Structure formats: structure tokens, C-alpha cells
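The values are calculated or read from the model by the stated rules, or taken from the named source; none is laboratory data. Just so it is clear, the structure is predicted and the values come from calculations on it, not from any experiment. Counting neighbours? That spans all protein chains shown, and the Cβs are built from the backbone with ideal geometry, glycine included. Protein only, heavy atoms only, side chains kept; ligands, DNA and RNA dropped before computing areas. Shrake-Rupley method; radii C 1.70, N 1.55, O 1.52, S 1.80 Å.
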Amino acid sequence: MRRLKGGMFIDYSFIIYNAEIEKTSNQPRLITQVRLFRGSTAVFTGKEIPYNANNQTDLKRLIAGGQIQLGTDLAPGDYALQVIVTDLNADEKHRTVSQWMDFEIVK
């Protein structure tokens, strides 16, 4: 179990597999977002951020990530960080995917 304290930073990374490539630009059109949950309650919802694939060498395996700082006012307990990726070029069934990481905030 990952144990963190309020105020600490979480660095996260992930790989986006098989994003649909737009024919005119030869680039994917992706939006990423992070959310932080305590149980089923969202305690933080990040902005939707357009993904920039310009420096990627393999458009079938896009490397992504970011960093968030945990609030100092978060109560100790179990939390989950969710990463959401929306592929604007994909059909409705395959448009959105997400992944979770569990951790605990301690005093």
C-alpha cells in the first residue's frame, strides 16, 4: 500500500495504447484528466487537458503523466487517483478509458 501525507506531491505516468490517428493531421486527439476519490466521493477533479503528441516517437504507445499535490486538509484514510483519457477520434464505445491507483493518506 502506498502511504502518503497531505501536502505531498504524486507523480504519475501512464501509456496510452492504440489511440485513433486523425487522417488530416496524422496525430491523435486526446484529452486527459485526473480525479481524486475518497471512497465514492470525488475530492478533486482536475482540468481536462489536451494531450500533445508532437514529441512522441511511437503513436501506438503514447507516454503521458503529470503531478498533483495532495491537499493538506485531506483527512487520513484510503484514496484513489483516477486517470481518464478521452480519444476524440474514436467511436463512442471506445472513446473513454480510465485507470485507478489506490493509496492511503496518513498523519
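Partner aspartates and glutamates whose Cα lies under 14 Å from the Cα of K93, excluding those fewer than 8 positions away in the same chain, are identified as E20. For I21, no residue 5 or more places off, or on another chain, has a built amide H under 5 Å of its own.
Computed across the range 1-64, the Kirkwood radius stands at 14.2 Å (inverse of mean 1/r, all Cα pairs). When the surface is traced with a 1.4 Å probe over the full set of protein chains, V97 keeps roughly 90 Å² accessible. Each Lys or Arg adds one and each Asp or Glu subtracts one; over the other residues with Cβ under 10 Å from the Cβ of H94, this totals -2. In straight-distance terms, cross-link reach from K23 covers every one of the lysines whose alpha-carbon lies under 18 Å from its own, apart from those fewer than eight places away in the same chain; here that gives K60. For L74, neighbours were defined as the other residues whose beta-carbon sits under 15 Å from its Cβ, and their charges (Lys and Arg +1, Asp and Glu -1) total +2.
Taking the DSSP bridge list for the chain and keeping only pairs wholly inside it, about 90 percent are antiparallel. Carbon and sulfur together cover what percent of the accessible area of the chain at a 1.4 Å probe radius? Result for the chain: 48 percent of the exposed heavy-atom area is carbon or sulfur. With only the Cα atoms considered, the chain has a convex hull volume of 108 Å³ per residue. Think of a 1.4 Å ball rolled over the protein heavy atoms: the chain then has 68 Å² of accessible area per residue.
Between the range 9-27 and the range 49-67, the alpha-carbon centres lie 4 Å apart.
Shown here for the range 38-75: trypsin sites (Lys or Arg not before Pro) in loop regions (DSSP other than H, G, I, E, B) with at most 13 other Cβ atoms within 10 Å, namely K47, K60.
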